[in-house]
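Undergrad: Attaching a single structure in structure tokens format; questions to follow.
The values are calculated or read from the model by the stated rules, or taken from the named source; none is laboratory data. Everything numeric here is computed off the predicted structure, so don't read it as measured data. Here Cβ is always computed from backbone atoms with ideal geometry, including for glycine, and neighbour counts include all displayed protein chains. Each accessible area value is taken on the protein alone, full model and side chains, heavy atoms only, with ligands, DNA and RNA left out. Shrake-Rupley method; radii C 1.70, N 1.55, O 1.52, S 1.80 Å.
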Amino acid sequence: MALASMLQRSRCLLAVFLTVLPICTRPSLAQGAPADLPRVTLPDAPSLIYSRRPDDPWNQIFYFLFSRRLAVRLSPDFPEGAPFLDPGERISVSRQVFEKDEIGDRAIEPLYPTFFVGFGGMLVLRDPAYSRFTKSLKAALDDDSPRSAVARALMQNDLWGAYDEFFFPLLPDDEKLLGVRRMSALDLIGHFIRKIALTPAEIGALPENYSAVARRQSLPDVFGKDSGWTEIEWFMPRAHDDAAGFRKVSRVFLKPDHPPRNMKKFLNSLADDPQNVTSLAGVALVIQLLLVDSHGDLRPTRLVVDAQTRLFERTPEGKIKASVKEAEISRKLYSEDPNSGGLVLEDERTPAYLSNGGSYEFAEGQIMPGQKPEIREPVQVRLRTRCALCHGEDLQQLMTFSIARPPHHKGPPIRQLDREATEAADVDIGAKRKQETFKALLEYFR
């Protein structure tokens, strides 16, 4: 199913879903976003992300795309959230709702939280934000201040996510009120994406920022030729790439505990038992940007915006202990210190948000019906807790190989990829070219 139809279908399905859950009280709300969604507003002022000028239109644009003041609940990972409610599924949450400011300078999609109905986008289409948002876009189009290639790459990918979100009509009642504004913002974003596009040569010269960070932060050297890490492929495209609208490329790496005699046989044995990591020293998910170059062509880059790693250590008792780390992009850090690589290390105690039903959206609300009060706010947990919900309490579940297959059907062979090539990116580029959102964006390059 095409991504456009998937998103439209998800919004329509949620509208129906909300009419049967005790969340909405007025039947007419099925045609628009529910009136009692968790509270989300804009923080008081933009952060200085791309420059130290408060009036910089790039800082203003980033603010509207990414900065949010959220009503959240805390998990027992944070004792200060007590007392806690037990909703009977997933995880306990605080009875009290807390207010939290999120700058958004990390590896997330813009215009969050969607709450499945495009709420984050509607936030900037309503007054008083809309006039300031469009004013900042127009100012950026007129601004000729020099920007680094890395800054333009990061901003373009962020804007691209906003373009794809605004491309789709809202639910009917919301579209009647905000549809003209949505189309106006979409047009300004399309022009800005075209203006800051990098040439093919500039994209080719973008740095490979992960390796330098890995050396300083004790992250695994997944790109090193003699590091023992290998890139693999099985059942493409990947869910992470789909969730990012095929604007980002996820690459999966693993490291055998000992070099296998037959790598092909070793890799295919992993699919038979995705919870058995006894033969592995670690696994990693590395996400890189795709860009639209100045000719309107899709290009892979070496810019890593997110790297999630799990290492498996053997205890003296012979048990396996898993540790998790994540490194996320900071545009501010990269702008102020290009040599840093722009990646900020997070350990397993770093605050994160609970995912919602397997989605990768940032700070999405939870649907926990039946609890009094009902739990709809985003839930803050530690990074390890978030990872454990997918990978098991011991973090040993390998999601790449946890694919439901018919009995006695192994599926395609697991392939070892050339890490110097762009095979994973090529799959996403092919998928993106087919989308109506990209076909519409191309008109700005013609």
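Undergrad: Ignoring everything but the protein chains, give the 1.4 Å probe accessible area of LYS265 in square angstrom, nearest 10.
TA: Surface open to solvent at LYS265 totals about 150 Å².
Undergrad: Moving to a separate point now. Between ALA45 and ASP426, take the C-beta separation as r, use R0 = 41 Å, and let me know the FRET efficiency to the nearest 0.05.
TA: E between ALA45 and ASP426, to the nearest 0.05, is 0.45.
Undergrad: Ordering HIS391, HIS295 by how much accessible area each has at a 1.4 Å probe, largest first, what is the list?
TA: HIS295, HIS391
Undergrad: Largest first, what is the accessible-area ranking of MET122, MET183 with a 1.4 Å probe?
TA: Order by accessible area, largest first: MET183, MET122.
Undergrad: Okay, which of segment 259-279 sit inside 18 Å, backbone N to the point 7 Å along the Cα-Cβ direction of GLN416?
TA: 259-272, 279
Undergrad: With respect to the cross-link table entries LYS176/LYS439; LYS100/LYS248; LYS138/LYS325; LYS264/LYS325; LYS100/LYS225; LYS265/LYS432, which display a Cα-Cα separation exceeding 31 Å?
TA: Correct reply: LYS138/LYS325; LYS100/LYS225; LYS265/LYS432.
Undergrad: To continue, here is another question. Give the distance, in whole Å, between the Cα centre of segment 189-205 and the Cα centre of segment 380-446.
TA: Cα centres, segment 189-205 to segment 380-446: 25 Å.
Undergrad: At 1.4 Å probe size, with no ligands or nucleic acids counted, give the accessible surface of THR385 in Å², nearest ten.
TA: About 30 Å², rounded to the nearest 10.
Undergrad: Counting only Cα, what are the radius of gyration and maximum Cα-Cα distance Dmax of the chain, in Å?
TA: 22.1, 65
Undergrad: Over what distance in Å are the Cα centres of segment 76-154 and segment 225-276 separated?
TA: So the separation of the two Cα centres works out to 31 Å.
Undergrad: How large is the helix-only mean residue ellipticity at 222 nm for the chain, computed as the sum of -39500 (n - 2.57) over DSSP H runs with n ≥ 4, divided by its residue count, in deg cm²/dmol to the nearest 500?
TA: Calculated from helices alone, the mean residue ellipticity at 222 nm is -10000 deg cm²/dmol.
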